[in-house]
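Undergrad: Let me begin by handing over the structure; questions about it come next.
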Amino acid sequence: MYEVRIHSRGGQGGVTAARLIALAAFRDGKHATATPFYGAERRGAPIVAFARIDENPIRIYSQVRSPDLVVVLDRTLVPIVDVLKGLKPRGAVLVNSGHAVSLDHMKVHRVDLTGIALDENLVIAGEPVLDTPVLGAIARLGVVSLESATKAIAELFQDPRNVSAAERAYREVVL
């Protein structure tokens, strides 16, 4: 089973990103689940969302404790949340950043999701929404196919800028 944990702030699209990962994986012919974890948080509060992908039916709906991939949509969470907690030894980290990121001597993949969202005018209440571009970046890491990612996005969002943002993030990930 492949497990993803997404760290974000309310309103950035972390919960929707988990849902999109699951939908894209389903389109790839796999079983998948998406689970948010938040309480009475508000826009801007730290949240965590999870996705699981497997060839077999998934019967686990709890938090992901040992992820294969950690996604950080907001770098300001790093000093206040242990984003690497439980990461599998050969796990991957993807951070929303236009600059090199160092996390506990880990190899960190990065892409400027915020810049992409702003360029595509994917903004709600004045804040960039990162759910669709991050799916493109995740596809580049091989978690789901780009074709399934773009189909999942088109299924949930009619605005073609969402697919454009995902395709751009796919191209711009620094591996």
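Undergrad: Averaging sequence separations of C-alpha pairs under 8 Å and six or more residues apart, then dividing by the length of the chain, give the relative contact order as a whole percent.
TA: Numbers: 385 pairs, mean separation 40.2, N = 175.
Rounded, it is 23 percent for the chain.
Undergrad: With a 10 Å Cβ neighbour count serving as the proxy for reagent exposure, in which order, fewest first, do Ile153, Ile47, Ile80 appear? Walk me through the numbers before you get to the answer.
TA: Working: Ile153 25, Ile47 21, Ile80 8.
The most exposed by this proxy come first: Ile80, Ile47, Ile153.
Undergrad: Below 8 Å, C-alpha to C-alpha, sequence gap of six or more: please give me the relative contact order for the range 42-87 in percent.
TA: Computed value for the range 42-87: 37 percent relative contact order.
Undergrad: Run through the DSSP bridge list for the chain and note the antiparallel percent, rounded to the nearest 5. Could the numbers behind the result be given before it?
TA: Values: 19 of 31 bridges.
Percent antiparallel among DSSP bridges in the chain is about 60.
Undergrad: Per 0.36 nm of contour for each residue apart, how much would the distance between Ser145 and Leu103 grow if the chain were fully extended, relative to their Cα-Cα spacing?
TA: Full extension from Ser145 to Leu103 adds 12.4 nm.
Undergrad: Still on this structure: Starting from the Cα of Gln63, step 7 Å along the direction of its Cβ; do the same at Leu118; then give the gap between the two resulting points in nm.
TA: Computed distance between label sites Gln63 and Leu118 equals 3.2 nm.
Undergrad: Oh, and also: Based on alpha-carbon positions alone, could you give the equivalent ellipsoid semi-axes of the chain from the gyration tensor, as √(5λ), descending, whole Å?
TA: 20, 20, 16
Undergrad: Another question, then. So, in Å, what gap is there between the alpha-carbon centers of the range 69-103 and the range 130-156?
TA: Here the answer is 19 Å between Cα centres.
Undergrad: Hey, rough spin-label estimate for His31 and Asp54, points 7 angstrom out along Cα→Cβ, what's it come to in nanometres?
TA: 0.6
Undergrad: Sketch the reach of a paramagnetic label on Ile80 as a point 7 Å from Cα along Cα-to-Cβ, and name the residues of the range 2-33 whose backbone nitrogen lies under 18 Å away.
TA: Within reach of a label on Ile80, which here means backbone N under 18 Å from a point 7 Å along Cα→Cβ, the range 2-33 contributes 6-15.
Undergrad: Assigning unit charges at the beta carbon (Lys, Arg +1; Asp, Glu -1) and nothing else, what dipole magnitude in debye, to the nearest 20, does the range 24-74 show about its Cα centre? Could the numbers behind the result be given before it?
TA: Details: 7 positive and 6 negative charges, 36 e Å.
Computed charge dipole of the range 24-74: roughly 180 debye.
Undergrad: What ³J(HN,Hα) values, in whole Hz, does the Karplus curve 6.51 cos²θ - 1.76 cosθ + 1.60 give for the range 158-166 when θ = phi - 60°, with x put for Gly and Pro?
TA: Whole-Hz 3J(HN,Hα) from phi for the range 158-166: 7, 5, x, 4, 5, 5, 4, 5, 5.
Undergrad: Would you please classify the overall shape of the range 87-175 from the alpha carbon gyration tensor, given that a ≥ b ≥ c denote the square roots of the eigenvalues, rounded means a/c under 1.5, and beyond that prolate means a/b larger than b/c while oblate covers the rest? Could the numbers behind the result be given before it?
TA: Working: a/c = 2.38, a/b = 1.45, b/c = 1.65.
It comes out oblate by the Cα gyration axes.
Undergrad: Considering only the other residues whose Cβ falls under 13 Å of the Cβ of Ile58, what net charge follows from Lys and Arg at +1 and Asp and Glu at -1?
TA: 0
Undergrad: In addition: For each of Val70, Val173, count neighbouring Cβ atoms within 10 Å of the residue's Cβ, then give the residues from fewest to most.
TA: With the sparsest Cβ surroundings first, the list reads Val173, Val70.
Undergrad: How much net charge surrounds Ala18 when only the other residues with a Cβ under 13 Å from the Cβ of Ala18 are counted, with Lys and Arg +1 and Asp and Glu -1?
TA: +1
Computed from the coordinates by the stated procedures, all read-outs in this text should not be read as laboratory data. Here the structure is a predicted model, which is why all the values come from computation and not from measurement. Positions of Cβ are backbone-derived with ideal geometry, glycine not excepted, and every protein chain shown enters the neighbour counts.
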